[in-house]
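Below: the structure, in structure tokens.
The values are calculated or read from the model by the stated rules, or taken from the named source; none is laboratory data. Just so we're clear, the structure is a prediction, and the values are computed from it rather than from any experiment. When we count neighbours, we look across all protein chains shown, and the Cβ atoms used for this are built from the backbone with ideal geometry, even at glycine. Heavy atoms of the whole protein, side chains included, go into the accessibility calculation; ligands, DNA and RNA do not. Shrake-Rupley method; radii C 1.70, N 1.55, O 1.52, S 1.80 Å.
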Amino acid sequence: MDVVLLSRIQFALTIAFHYIFPPISIGLGVILVVMEGLFLKTKNPLYERMAHFWVKVFGLVFAIGVASGIVMEFQFGTNWSYYSRYVGDVFGSALAAEGVFAFFLESGFLAILLFGWNKVGPKMHFFSTLMVSLGAMFSAIWIVVANSWMQTPAGYHIVGEGLRQRAEITDFLALVFNPSSMDRLLHVLLAAWQTGAWLAISVGAFYLLKKRHEDFAKASIKIGLVVALLSSVLQLFSGHSSAIIVSKYQPVKLAAMEGVYEASAPAGMWLFGYVDEKNEKVLGLGMPRLLSLMVHFNSSTPVQGLRSVAVKDRPPVQATFQAYHLMVMIGMGLIGLSMLGCFLWWRGKLFETAWVLKLFVIAVIGPQFANQFGWMTAEIGRQPWIVYGLLRTEQGVSRVVSAGNVLASIILFSCVYALLLFLFLFLLNQKIKAGPVEEAGPSQTA
Amino acid sequence: MHLDLNLIWYFLVGILLTGYAVLDGFDMGVGALHLFTRTDRDRRIMLNAIGPVWDGNEVWLVTGGGALFAAFPDVYATVFSGFYMAFMLLLFALIFRAVAIEFRGKEPMGWWHQVWDVCFSLSSVVSSLLIGVALGNLIWGVPIGADKEFQGNFFTLIHPYSLGVGVLVLAAFMMHGAIYAAMKTEGELHEQARGWVRNSMIFFVAAYLVTTVATLIHVPRMFAAFGRYPALFLLPLVNVLAIANIPRVMAKGKDFQAFLSSCVSLFSLMAIFGIGMMPDLVYSTLDPQWSLTLYNAASSPKTLGIMLVIALIGMPLVVGYTVSIYWIFRGKVKLENTSY
């Protein structure tokens, strides 16, 4: 295998693993802020016990997120050194800003969150939780800005010739507020909030079914459902607005997402389907002209299709199409499930309806898969470009790293990450089984 | 050489990496000493001594890496791709270190604790050595071609000098960690930590003398700047005085002063390194013309200016949180139910 393909596999593997954790941190951060806020307001010790329990989970998630996150930051240099030279002036700034504005804030206040219960008062602890939660979101801001610049580059110019060619910043604000960054940031944050919310709901539902920690369980479900419902409904609008940006700035990507081949014609949307890439058509269930309507607000406006560009400039259509449709399907399912939950809660039947609680328990994997599929859509759909329209992926790779070296590191990453995932799930499961402390004590023993 | 954005960023990246050495240095050192403790309780105390701060300390490396990427993209690209396997090993060591600290206290079984104790200690030793070997290679120089790319392999990086600097960094971190452990502990463990300070100082001073002599003989360019600007000799003077001050104040039981001295000695060592390297970030052994300098490897002045604004806004806040956290968690370690 060649070094480009291996480097892509390694990046995909390491980012997919890493991206299990930050959305939980961001989402759980919000849930923790709500719980500690409720504790400050009501002085009900239940909320303090909840915060104690979820902080422990947060610590576990955070540690693996940090460990796998350092890999991401180093990997641009190790495996994509030409890319790093080419975009360092622009892209590096966003990463450095993430370190300065997000990581220090997050890791500093995390100390108080985890170990400061007896060192500071409840108000200061609440403040620290708020700062950790903000830090996690600031980190999302800068990383999504950096990634969005790869999707819709702006605020730069190209200088130099040949191997000395590179992008340099002309307008930092245009870089930060590039055409897709704010829409994609909102999309990522809403997804992360759902990830945290469904973790809280799932654990709560599990306890209710087992008839354990019922107060804790009910409160977890209620807080989770409110966050889940709000963010999943908002996600509908955010997703729509993101798609319009994609149609404007990355039309070929949108064409791959919906499997539109015709160079210029009104296009439909598929509920699900299979892309017959050889014959350039999609088999499935869909609605004609809906895509034109959705992105242009007019069902007869043509949409740019894949045939408008050479085959070598098209992304892998099947993978983009499937990842996108799976994400949408899961997203719709989560809207439905949170609406159902809220309806039953309103009718006062939620905590007795076992089949819904069972669905809640497994729903925790929904946002996780939607997150992964969403990023696959974004990143596979961007191909064959590493920076859309500017630099091709195969150009970005490190020239001095051999395929053998990358293969060796892929094998190591696979083994280590499989082990970490297993240990994470094992410890999380142990933590959930042990449950929160029943009495209103300061915390359970470590 | 006059003060411009490139020079400022050379210093700022240097300060971030020095912050990393001074802060993560002691928790790496605590890790390297971890297995010398006698009981499970002592090991818990060691972990909790660094518990609230190790993660924040590591952020200095992450931010230093990000700043290097932004300010000197060619250096970031050349060094990270050129030292590929070394960096992969460092990444795995850092991963295992982070999870060992977090996982150890999660289960009650003795074997579970032992596995993660070994993991924590080994990964701390390996990380320190690798960081030192990387520094050693930067001092010694590496084969960089006209295209700014590294022209060697993993074994190009392994030679007596780079290994010597690896050992020096390990020894320095062990000394630094031992003093930190002494400062944070009480009773028997405290006495034991004082013993570590003695032994690791001997180890450090020996490694320091050997590498200094080797550098004087083999890498005289590291001292060129000191010949040109004799005022710079203040730095080695401060360095030697700070090191000499450690046993003096330790004997009086002033652990905190010893720790500050140790911080000053690491800081001044990094400063000597940074000034010796100037204007190079990566020295080419093939042709000094091909070295990556703070000019030919840098981002545009516009970007360096924007980054300076970011640093001026952000770094005072960072120093603020760091000082507050260390203040809140000052004093001897007390195990609580929220500890690791």
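Miscellaneous remarks
Here is a yes/no grid of residues against (1) within 19 Å of B:VAL133 (Cα to Cα); (2) at the interface with chain A (Cβ under 9 Å from one of its Cβ atoms):
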{"residue": "B:ASP42", "(1), (2)": "no, no"}
{"residue": "B:ILE45", "(1), (2)": "no, no"}
{"residue": "B:ILE50", "(1), (2)": "no, no"}
{"residue": "B:THR63", "(1), (2)": "no, yes"}
{"residue": "B:GLY66", "(1), (2)": "no, yes"}
{"residue": "B:ALA71", "(1), (2)": "no, yes"}
{"residue": "B:ALA77", "(1), (2)": "yes, yes"}
{"residue": "B:PHE83", "(1), (2)": "yes, yes"}
{"residue": "B:ALA86", "(1), (2)": "yes, no"}
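- Matching residues, region B:265-294, being polar (S, T, N, Q) and in a strand (DSSP E or B): B:SER284, B:THR293
- Which numbered condition A:VAL120 misses (of (1) β-branched (Val, Ile, Thr); (2) facing chain B (nearest Cβ under 7 Å); (3) in a helix (DSSP H, G or I); (4) more than 23 Å from A:PHE424 (Cα to Cα)): (3)
- Filter pass, B:LEU35 being under 30 Å from A:ASN118 (Cα atoms), away from chain A (no Cβ under 12 Å), open to solvent by 10 Å² or more (accessible area, probe 1.4 Å) and assigned to a helix (DSSP H, G or I): yes
- All helices (runs of 4 or more DSSP H) inside region A:149-255 with 3 or more residues being over 29 Å from A:ALA96 (Cβ atoms): A:181-210, A:214-249
- Candidate set: region B:103-121, residues that are of a type outside the set (S, T, N, Q) and in contact (Cβ under 8 Å) with a residue 40 or more places away in the chain; chosen: the one nearest to the other protein chains (Cβ to nearest Cβ): B:GLY105
- Of the criteria (1) in a helix (DSSP H, G or I); (2) touching a residue at least 60 places away in the same chain (Cβ under 8 Å); (3) within 10 Å of another protein chain (Cβ to nearest Cβ); (4) farther than 24 Å from A:GLY135 by Cβ, which one B:ALA311 fails: (4)
- Of the set (1) modelled with pLDDT under 95; (2) among the aromatic types (Phe, Trp, Tyr); (3) open to solvent by 20 Å² or more (accessible area, probe 1.4 Å), all apply to A:TRP193 but (1).
- Residue under evaluation B:HIS218, criteria (1) without any contact (Cβ under 8 Å) to a residue 24 or more places away in the chain; (2) more than 21 Å from the chain's Cα centre (by Cα), criterion not met: (1)
- Residues satisfying the stated conditions in region A:60-110, i.e. among the charged types (D, E, K, R) and open to solvent by 10 Å² or more (accessible area, probe 1.4 Å): A:GLU73, A:ARG85, A:GLU98, A:GLU106
- Residue-level analysis places A:GLY348 outside the set of residues that are touching a residue at least 12 places away in the same chain (Cβ under 8 Å), on the phi > 0 side of the Ramachandran plot, away from chain B (no Cβ under 12 Å) and open to solvent by 40 Å² or more (accessible area, probe 1.4 Å).
- Within region A:390-406, residues that are more than 10 Å from chain B (Cβ to nearest Cβ) have Cβ atoms under 8 Å from residues that are open to solvent by 10 Å² or more (accessible area, probe 1.4 Å) and among the acidic types (Asp, Glu) in these pairs: A:ALA403/A:ASP2, counting only partners at least 6 apart in sequence or on another chain.
- Of all the criteria given as (1) assigned to a helix (DSSP H, G or I); (2) touching a strand residue (DSSP E or B) at 6+ places or on another chain (Cβ under 7 Å), the one not satisfied by B:ALA297 is (1).
- In the condition set (1) surrounded by fewer than 19 Cβ atoms within 10 Å (Cβ to Cβ); (2) modelled with pLDDT under 90; (3) of a type in the set (A, V, I, L, M), B:VAL309 is compliant with all but (2).
- In region A:34-49 there is at least one residue matching the filter, namely being assigned to a helix (DSSP H, G or I), of a type in the set (Ser, Thr, Tyr) and more than 8 Å from chain B (Cβ to nearest Cβ).
- Residue list for region A:283-316, restricted to those being open to solvent by 50 Å² or more (accessible area, probe 1.4 Å), closer than 15 Å to A:GLY381 by Cβ and not in a strand (DSSP E or B): A:PRO316
- Residues of region B:206-237 satisfying the condition of being open to solvent by 60 Å² or more (accessible area, probe 1.4 Å) and farther than 19 Å from B:MET277 by Cα: B:LEU209, B:VAL210
- None of B:VAL282, B:VAL323 is more than 9 Å from chain A (Cβ to nearest Cβ) and open to solvent by 10 Å² or more (accessible area, probe 1.4 Å) except B:VAL323.
- Selection within region A:256-281 - closer than 22 Å to A:ASN298 by Cβ and free of Cβ contacts under 8 Å to residues at least 60 places away in the same chain: A:VAL260, A:TYR261, A:GLU262, A:ALA263, A:SER264, A:ALA265, A:PRO266, A:ALA267, A:GLY268, A:MET269, A:TRP270, A:LEU271
- Of all the criteria given as (1) open to solvent by 10 Å² or more (accessible area, probe 1.4 Å); (2) under 18 Å from B:SER121 (Cα atoms), the one not satisfied by B:PHE103 is (1).
- Checking each residue in region A:385-403 for being assigned to a strand (DSSP E or B) and among the charged types (D, E, K, R) picks out only A:ARG392.
- Only listed residue being farther than 26 Å from A:PHE177 by Cα, surrounded by fewer than 21 Cβ atoms within 10 Å (Cβ to Cβ) and under 23 Å from the mean Cα position of the chain (by Cα), chosen from A:ILE31, A:ILE9, A:ILE15: A:ILE9
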